[in-house]
Amino acid sequence: MVRSRTAPGEPIDVIATVRPYDDPGVERVWYRLRPITSAIAHKTHIVYPLGAAKLARLRELFLDSEWQPTRMPGHSREEASNPFIAFEEIPASSRYAYLLDDAQYFVMTFIRGPVCRGQVAVDVIEDHFWVAFLDPARDLSVSSPGFLAKTKHLLSLPAQYVGEALIPGRMWIEFTRDQKKYMDAREELYDELDPERRGPALDWIWDGDGSNRNALLTVFRNFDNANVVKGFVGEIPKSAWVMDYPIFERIYYNLVAGFDIFGNVTHQISTRLYMDHLRMQSEILFLGFLPADRREEIRDSWYVGATRQLDYARVNRLRTLDHGTQIAFASPDVRMELLSRIRAQAGAAAGPADPLNRCSQHPCDRAEASAVERGVERDLQRLAAVHGDFVRLLPEVSLLRVRVDRSGERDLVYAFVRNAAHTNVAFMFGEDERRLPEQDTLTLVPGHFGSYPNFFFEVDAAEVGAFVEALSALRSDADLSGFALRYGIRRTSARFWQTSDWLRADLLRRDPTQAGIYDLGRYENL
């Protein structure tokens, strides 16, 4: 979709601007669809579904809802870069529902988009965490419309200051001040609406209206890039987010709509620092569902070595600790219990279970798996519960092809995703000093995963058990090299392009809409 100076029926005349909301310089803008004729790279192929059902939904949200616009959004930098000002006349309920309907798409635009490429940019998030959303009926910005009107100027974003000769430190101070004022205002309203200090209930988490698979998401960070998938995938992670409308909208505008990949250092750094606020606020919303006397210790475990930071201790401190929770917990591990109950509450919207990574009692089989898959996955399940050991030796993302027959038509694909553990993700630099390789974990994903595979493995279905035993025994780089020689496809292998082509064809067969060419620039030669 592009902005054009010309109407349908005429050749597209693209209005080229840095950001989608920049002044087009013409009186009338036409939004035009044009086909993609170049090769599709998976890393930049992020698809938004259009069709009759989507058109009906957009009409319901924006054209048939009860509101009357009195003006069009302006193009001044202060207004256009702040969606809470630009679109303030549209009901927040419609804006939030629009994001929730396709939450994975919107999260993907920043998690897999250009802003999340590069180690410093991506280490603002944990390697593996789960995301849920506050139910619109419980979102203060939706249920109390005057709240956004009162706080909109506190929600300004880095793009507002593009072109100004500001040093990153000054911008950080301004954002920090505004974020503290915003959080203070939110806390004051929360206290007013919950005078008995009862706190949130489980149904304050959006359940996808019973069927929308976008309700629960899993984010993976793989050193210098990231990805997001539907559902809670992998073992229960160390941390989790709950996003409300102001957080969700600001993340999108900070990292996508208002982000300039070619911007100066001030813009790049301020974008990264602003994201620290949004990560912390998402975590705080999640922690608010836990018993008040457990929140601090759990949050401290996420920020070992960073609890004295201004962002942590003052601006995004744990608030409303005098509010309890309406959830009755039955186990000592309240974090794990809450995440399990969030998934159970979502029902069909949670999607299929993940027995590959969360098998409590064998045998654990995926309902949709074939007999061959069940046998393969019972062997692979032994890899999921291991921390450190061989896991720390593996690349970020490896793809395993399990050969089932000579034709290759029934062959299986699994992804091994290494999740690097850290003491905290609160600093821009020095990641190596905060690594905890002995706590690294492995997530097994059936099918394809990611855009930048680091290595390919191949094994016959009958040999998966031996493959797992050999992989589990790895303890050194020399062990890994021998393992790769036996089961791996190195760059120098005569089968490299044959395997790569097969994987691309298999991805196209499995998911033709989302398929694209893998970027092999990060492929390793173990």
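The values are calculated or read from the model by the stated rules, or taken from the named source; none is laboratory data. Given the structure is predicted, the values throughout are model-derived calculations rather than measurements. Here the Cβ positions follow ideal geometry from the backbone for every residue, glycine too, while neighbour counts run over all protein chains shown.
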Query raised in the report: Looking at region 450-484, which of its residues are crowded, with 20+ Cβ neighbours inside 10 Å and of a type in the set (Ser, Thr, Tyr)?
Result: SER451, TYR452
Report task. Would you kindly identify the helices (runs of 4 or more DSSP H) lying entirely within region 107-199 that contain at least 3 residues that are hydroxyl-bearing (Ser, Thr, Tyr)? Result -> 168-193
Requested in this report: Collect the residues in region 64-95 that are among the aliphatic types (A, V, I, L, M) and either at pLDDT 95 or above or within 27 Å of the chain's Cα centre (by Cα) (or both), keeping them in residue-number order.
Outcome: ALA80, ILE85, ALA86, ILE90, ALA92
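Condition check ((1) under 30 Å from ALA484 (Cβ atoms); (2) surrounded by fewer than 16 Cβ atoms within 10 Å (Cβ to Cβ); (3) in the same structural domain as GLY208 (by TED's automatic domain parsing); (4) touching a residue at least 60 places away in the same chain (Cβ under 8 Å)) across all residues:
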{"site": "ASP365", "(1), (2), (3), (4)": "yes, no, no, no"}
{"site": "SER370", "(1), (2), (3), (4)": "yes, yes, no, no"}
{"site": "GLU377", "(1), (2), (3), (4)": "yes, no, no, yes"}
{"site": "ALA385", "(1), (2), (3), (4)": "yes, yes, no, yes"}
{"site": "GLY388", "(1), (2), (3), (4)": "yes, yes, no, no"}
{"site": "VAL391", "(1), (2), (3), (4)": "yes, no, no, no"}
Report summary line: With criteria (1) under 24 Å from the mean Cα position of the chain (by Cα); (2) surrounded by fewer than 17 Cβ atoms within 10 Å (Cβ to Cβ); (3) within 26 Å of GLY263 (Cα to Cα), ARG138 comes up short on (3)
Requested in this report: Look through region 428-481, keep the residues that are touching a helix residue (DSSP H, G or I) at 6+ places or on another chain (Cβ under 8 Å), of a type in the set (Ser, Thr, Tyr) and not in a helix (DSSP H, G or I), and return whichever of them is farthest from ALA415 (Cα to Cα).
Outcome: SER476
Query raised in the report: What number of residues within region 269-300 satisfy the criterion of being touching a residue at least 40 places away in the same chain (Cβ under 8 Å) and either assigned to a helix (DSSP H, G or I) or buried (at least 23 other Cβ atoms within 10 Å of the Cβ) (or both)?
Result: 18
Report summary line: Of the candidates GLY324, GLY347, the one satisfying the condition of being part of a loop (DSSP other than H, G, I, E, B) and farther than 15 Å from TRP130 by Cβ is GLY324
Report summary line: The correct count of residues that are among the aromatic types (Phe, Trp, Tyr) and under 15 Å from PRO246 (Cβ atoms) in region 88-105 is 2
